[in-house]
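Asker: Next up is a structure, given as structure tokens.
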Amino acid sequence: MMVKQIAFQGEPGAFSHAAAHALFPKGEPVPCTTFEDTISAVQQGKADYGVVPVENSLYGRITDIYHLLPESGLFITGEHFLRIEMNLLGIKGASLKDVKSVQSLSVALGQCRKFIRKHRLKTINGVDTAGSAREIAERGDKSVAAIASRYAAEVYGLDILAEGIEDAAHNTTRFLVISKAPETPKAGKKVKTTFVFRVRNVPAALYKAMGGFATNGVNMTKLESYMLDGSFTATQFYADIEGHPDDRSVQLAFEELQFFTDHFHVLGVYPAGKA
């Protein structure tokens, strides 16, 4: 059996890498510099799947994905919720008392303010968490540590000097699996359907379009809007629902939705992950 190639954004040891490993433990990772590169790797067949973050419980949606995914021609085939646990990583033999400075992505540093303040550490802004871990390993200085994932510690041979140092214990990122072909599960299982749509230019079009989901008992778990082509009047909506397009309730809701829309496209039908 051929080993699947799994694309993700970031360096080895990034949280996206950890999510890819959790989803495809036997897959071969394909690190990519940007989200565009990750999607392109799947489009061009350089990777069988891509794993991309779509939202975080602290920072909300990952805006780039909402713009890139609908235009990519790819399909969502799965989801995964990854608990984001921040750890202080140092070189072998280092201890917490040795550390004077800490390096990481600015967002990660911001999630660990209380720990940093308590231990009076100087902060160094890095390009990303995994890249910071790599640089700390290469530097070999006990006085400088990185904030990154447990997985990054394994990848770069670092010691975990303190674990779970983030300020918010609920910090979780939802990842999507994308591929060139849909992998639609059978109806009857716990699935989600993701789609995009644009409403017609008529009064209360969005209100009326959403009514079909309420009247047919379909639970909508996400509804996001964003501008198209920089226009303040052209808006596209991105939505997740619980259910399968073959479910009669979903069919009826979609029929009503399309009556009030001029664009509708299903991005994927996939097994629901455990939050």
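Asker: Which ones in segment 25-58 are in contact with a Cys (Cβ under 9 Å, 6 or more places away or on another chain), under 23 Å from Thr172 (Cα atoms) and part of a helix (DSSP H, G or I)? Steps first, answer last, please.
Answerer: Of segment 25-58, the ones in contact with a Cys (Cβ under 9 Å, 6 or more places away or on another chain) are 38-41, 47, 50.
Subset that is under 23 Å from Thr172 (Cα atoms): 38-39, 50.
Passing the criteria: Thr38, Ile39.
Asker: Residues in segment 96-113: is at least one at pLDDT 95 or above, within 26 Å of the chain's Cα centre (by Cα), under 30 Å from Gln44 (Cα atoms) and crowded, with 22+ Cβ neighbours inside 10 Å?
Answerer: Looking for residues that are at pLDDT 95 or above, within 26 Å of the chain's Cα centre (by Cα), under 30 Å from Gln44 (Cα atoms) and crowded, with 22+ Cβ neighbours inside 10 Å, one finds none in segment 96-113, hence no.
Asker: Quick one: in segment 125-138, which of the residues that are touching a residue at least 12 places away in the same chain (Cβ under 8 Å) and over 24 Å from the mean Cα position of the chain (by Cα) is surrounded by the fewest Cβ atoms within 10 Å (Cβ to Cβ)?
Answerer: Filtering segment 125-138 down to residues touching a residue at least 12 places away in the same chain (Cβ under 8 Å) leaves 125-137.
Restricting the remaining residues to those that are over 24 Å from the mean Cα position of the chain (by Cα) gives 135-137.
Working: Glu135: 16, Ile136: 28, Ala137: 20.
Filtering segment 125-138 for residues that are touching a residue at least 12 places away in the same chain (Cβ under 8 Å) and over 24 Å from the mean Cα position of the chain (by Cα), the one surrounded by the fewest Cβ atoms within 10 Å (Cβ to Cβ) comes out as Glu135.
Asker: If you go through segment 216-275 one residue at a time, how many are without any contact (Cβ under 8 Å) to a residue 40 or more places away in the chain and of a type in the set (A, V, I, L, M)?
Answerer: Looking only at that region, the number is 6.
Asker: Please specify each residue of segment 40-90 satisfying the condition of being without any contact (Cβ under 8 Å) to a residue 40 or more places away in the chain and over 18 Å from Phe195 (Cα atoms).
Answerer: Correct list: Ser40, Ala41, Gln44, Gly60.
Asker: May I pose another question? Among the residues of segment 22-39, what is the count of those that are in contact (Cβ under 8 Å) with a residue 24 or more places away in the chain and surrounded by fewer than 17 Cβ atoms within 10 Å (Cβ to Cβ)?
Answerer: Number satisfying all stated conditions: 6.
Asker: Hey, Ile136 hits all of (1) touching an Asp or Glu at 6+ places or on another chain (Cβ under 9 Å); (2) at pLDDT 95 or above but one; which does it fall short on?
Answerer: (1)
Asker: Still on this model: Test Lys190 against the criterion of being open to solvent by 50 Å² or more (accessible area, probe 1.4 Å), of a type outside the set (S, T, N, Q), modelled with pLDDT under 95 and under 24 Å from Glu79 (Cβ atoms), and give yes or no.
Answerer: Working: open to solvent by 50 Å² or more (accessible area, probe 1.4 Å): yes; of a type outside the set (S, T, N, Q): yes; modelled with pLDDT under 95: yes; under 24 Å from Glu79 (Cβ atoms): yes.
Against the criterion (open to solvent by 50 Å² or more (accessible area, probe 1.4 Å), of a type outside the set (S, T, N, Q), modelled with pLDDT under 95 and under 24 Å from Glu79 (Cβ atoms)), Lys190 qualifies.
Asker: Here is a follow-up. Which of the residues belonging to segment 93-122 are within 20 Å of Glu11 (Cβ to Cβ) and not small (Gly, Ala, Ser)?
Answerer: Residues satisfying the conditions are Val102, Gln103, Leu105, Val107, Leu109, Gln111, Cys112.
Asker: Being under 30 Å from Gln43 (Cβ atoms), open to solvent by 40 Å² or more (accessible area, probe 1.4 Å) and hydroxyl-bearing (Ser, Thr, Tyr) is the filter here; which residues of segment 141-171 pass it? Don't jump to the end; show me each part of the working.
Answerer: Within segment 141-171, the subset under 30 Å from Gln43 (Cβ atoms) is 148-149, 151-152, 155.
In the following step, the residues that additionally are open to solvent by 40 Å² or more (accessible area, probe 1.4 Å) were identified as 151, 155.
The one that is under 30 Å from Gln43 (Cβ atoms), open to solvent by 40 Å² or more (accessible area, probe 1.4 Å) and hydroxyl-bearing (Ser, Thr, Tyr): Tyr151.
Asker: If you don't mind, another one. Would you please name the residue that is farthest from Thr33 (Cα to Cα), looking only at residues in segment 126-185 that are among the polar types (S, T, N, Q) and touching a Leu at 6+ places or on another chain (Cβ under 8 Å)?
Answerer: We begin by selecting, within segment 126-185, every residue among the polar types (S, T, N, Q); these are 129, 132, 143, 149, 171-173, 179, 184.
Keeping just the survivors that are touching a Leu at 6+ places or on another chain (Cβ under 8 Å) gives 129, 132, 171-173, 179.
Numbers: Thr129: 13, Ser132: 15, Asn171: 24, Thr172: 22, Thr173: 19, Ser179: 18 Å.
Once the filter is applied, the top-ranked residue is Asn171.
The values are calculated or read from the model by the stated rules, or taken from the named source; none is laboratory data. Keep in mind that what you see is a predicted model, and the values were worked out from it rather than measured. Neighbour counts are summed over all protein chains in view; Cβ atoms, including those assigned to glycine, are modelled from backbone coordinates with ideal geometry. Each accessible area value is taken on the protein alone, full model and side chains, heavy atoms only, with ligands, DNA and RNA left out. Shrake-Rupley method; radii C 1.70, N 1.55, O 1.52, S 1.80 Å.
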